[in-house]
Structure formats: structure tokens, C-alpha cells
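Notes follow the structure.
The values are calculated or read from the model by the stated rules, or taken from the named source; none is laboratory data. Everything quoted here is computed from the prediction, not taken from an experiment. Every residue, glycine among them, receives a Cβ derived from its backbone with ideal geometry; neighbour counts consider all protein chains shown.
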Amino acid sequence: MTKIERILAATRFERVDRIPKGEFYLEDGFVAKLLGLKETVTFQDRVEACELCGLDALAFSPSSSPQKKDRVWDGLKQWQEKTDFFIFALIDGPFQGTAKLFPSFTDFLLAIAKRDPILPVLVTEAVASNIELGLKALASGANGIIIADDIAYQGRTFISPTALREYFFPSLTKQVEVLQKQKAPIFFHADGDLLPVLSDIINSGVDGLHSLDFSSLTTVAKVRMATEKILCLMGGYDLGWFSEENRREKASELLAAVSGGSGYIFGSSAGILGSELPVQPVTEVYQYVSDLGKDYGRGNT
């Protein structure tokens, strides 16, 4: 299977030849350590590093440079044209996109608490911008979309599930509906405890859920049960586990929690392999997951 075929099969709960793997990106410091570089990291270096980790999928954010206003997805386009990776485009969701329209996150939360009448107007504005950006990404060659909407942290959601349902989840559903008309998989990303709103995420119509930043693998297993044959899961490997002696066992436990290879893409819960990570343990874990493909990667028809 090609990388794109493998990721698409996972999103459809079809057979895969091995466990798909994906990260948002690898930081320059990690790439330099992995390849033993002393000079500036080049495009080809990044490609080689991703291949060494056995990645199938990457994700790209739009350029924020004023000089690239009409070419916000140039970085994505280069990877789409010159490599065979499955390319996700990262865009905001209604919560995160609306928050950026306020002077600060505190001002945003206060507006929600006060039920400021301007809030629905700004949500509509944010969603329209998100949709436009997502459509441009797909037109530039993205294979899928990840809607990044950090609505939670380890303890709970930032605002009540009731407020999320009133102001943001209907708009998330609208954003997903428009983008899915392009026949590309749409994932939802958020860190933290999403259990109180998991049904809302499912009902939004997304095809997958990224991060799995839950407090325990028992919770990950509960999420898998609730999303079986509904959402493709992605991530879940805690960055701290790479430095533990039982890092391979942690990978096995995670794969058991998500029921193997079908409907799952292996990767870190953070989505970023940072400069501070030890290279050898990371590549060891990724190779271990690849070697498990014979047992876990067959999936279901």
C-alpha cells in the first residue's frame, strides 16, 4: 500500500498492510540529531527524517507571513508535489478560531460567561474564515483536514459542555459538513479530557479524532469502544514514555487499547517530535510498531 492508501484505509476501517503512523511535524533540532547534522536543516533532510521514522502522514499549518497572504499553503504544496506522504492541513475550529478574535483568552472566556451578544457574530465570522482556509488547503493538494480546537485540558473542558453545545458545536458541524463535500477525511484535534463531550464530537460528523491525551489507557479504551467503526483514532503515545525503559510495552498497551491497526494511526499525543526528545528511543518505538504490523495491521474488512 502507498502511504496515502494506508491512511485512507485506516479512516475507513479497512484492511491495512501495517499500522499507519503520523505526526504533525518534526522539529529542526530532532531532525538534526536524527541525521547527525550540523548545518541548517533542509527540505530533503526533513523528508529523510520522516522516512526513517516510518511516517505515513504529516500535518501543516497555514503560513502566517503577510508576504504570503495569497500563498498560505505553499509549504504543504511542496510536500504534496515532491513526496508521497498523506498531507493533513491544520485549521482552527469554532472555539479556537473565535478566541483569536479577542484581545486575550481571558477576554474570550469572560464574553462567554457574560453571554455577550457579539459572540455568535464572531463565531460565524471565524467559521467562515476556517472554511475558506480549509477549502484552499484541499485545492492546494491536502489529502485531509485536521480541525484543531483546544477545548479542554486534563481536568475538564475550558467552558461547560452546555456552553460548548450552545455556541460552538453547531458551528463545528457546519464547518465539517462544508469541508466533507470535498470527499476528504476530516479529523478533530483537542488535548485533554474530552469524555464529557465525546458524543458531540462524534455527532459533528468528523471522521477521526487526534491526540488521545487522556489520563490513562483505560480511558483510551473507553473512547475506542464509543467510537468503534465511527471515528479513526490517531495519536495517544505520551512523549514522556519515549524516555522510559518500558517504552515498547507502552506502545503495545496503547495498540491493545485502540484494538489494533484498523481504524487507528499511531503517533504521539502531542503530534510533535520535539528537539528535546532522545532520538534512539523514538526510532526504537517507531520500528517496534512497524514490526508489530504482522499481528496488528490486518484490521477488518
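Among the candidates Lys229, Lys181, the residue that is more than 30 Å from Gly29 (Cα to Cα), surrounded by fewer than 18 Cβ atoms within 10 Å (Cβ to Cβ), basic (Lys, Arg) and touching a residue at least 60 places away in the same chain (Cβ under 8 Å) is uniquely Lys229. Selection of the range 178-197 for residues being in contact with a strand residue (DSSP E or B) (Cβ under 6 Å, 6 or more places away or on another chain) and of a type in the set (D, E, K, R) yields Asp191, Asp193. Within the range 261-286, the residues that satisfy the criterion of being part of a strand (DSSP E or B) and aromatic (Phe, Trp, Tyr) are Tyr264, Phe266.
How many residues does the range 106-131 contain that are exposed (fewer than 12 other Cβ atoms within 10 Å of the Cβ) and either in a helix (DSSP H, G or I) or at pLDDT below 95 (or both)? Steps first, please.
Restricting attention to the range 106-131, the residues satisfying the condition of being exposed (fewer than 12 other Cβ atoms within 10 Å of the Cβ) are 106, 113-115, 117-118.
Then keep just the ones that are either in a helix (DSSP H, G or I) or at pLDDT below 95 (or both); that gives 106, 113, 118.
Residues that pass the stated criteria total 3.
I'm checking my understanding of the structure. Among residues of the range 28-55 that are of a type in the set (Val, Ile, Thr) and in a loop (DSSP other than H, G, I, E, B), which one is farthest from Asp291 (Cα to Cα)? Lay out the reasoning, then the answer.
Step one: filter the range 28-55 for residues of a type in the set (Val, Ile, Thr), giving 31, 40-42, 47.
If we keep only those that are in a loop (DSSP other than H, G, I, E, B) too, we end up with 40-42.
Values: Thr40: 32, Val41: 29, Thr42: 29 Å.
Only one residue tops the list, namely Thr40.
Restricting attention to the range 232-254, the residues that are buried (at least 18 other Cβ atoms within 10 Å of the Cβ) and touching a Gly at 6+ places or on another chain (Cβ under 8 Å) add up to 7.
Name the residues in the range 132-157 that are part of a helix (DSSP H, G or I) and either surrounded by 15 or more Cβ atoms within 10 Å (Cβ to Cβ) or acidic (Asp, Glu) (or both), would you?
Step one: list which residues in the range 132-157 are part of a helix (DSSP H, G or I), which gives 132-139.
The answer is Glu132, Leu133, Gly134, Leu135, Lys136, Ala137, Leu138.
Could you count how many residues in the range 78-105 are in a helix (DSSP H, G or I) and touching a residue at least 60 places away in the same chain (Cβ under 8 Å)? Steps first, answer last, please.
As a first pass, look at the range 78-105 and keep what is in a helix (DSSP H, G or I): 78-82, 94-99, 105.
Subsequent filtering for residues that are touching a residue at least 60 places away in the same chain (Cβ under 8 Å) retains 80-81, 94-95, 98.
Residues meeting the conditions: 5.
Within the range 115-141, which residues are hydroxyl-bearing (Ser, Thr, Tyr) and in contact with an Asp or Glu (Cβ under 9 Å, 6 or more places away or on another chain)? Break it down into steps so the answer makes sense when it comes.
Narrowing the range 115-141 to residues hydroxyl-bearing (Ser, Thr, Tyr): 124, 129, 140.
Residues satisfying the conditions are Ser129, Ser140.
Right, Gly29: closer than 27 Å to Gly274 by Cα and either modelled with pLDDT under 95 or crowded, with 19+ Cβ neighbours inside 10 Å (or both) or not? No, not satisfied.
Within the range 207-219, the set of residues being at pLDDT below 95 and not in a loop (DSSP other than H, G, I, E, B) comprises Leu217, Thr218, Thr219.
The listed residues are Leu209, Leu217, Leu194, and the only one of them that is crowded, with 21+ Cβ neighbours inside 10 Å, over 23 Å from Phe105 (Cα atoms) and touching a residue at least 24 places away in the same chain (Cβ under 8 Å) turns out to be Leu209.
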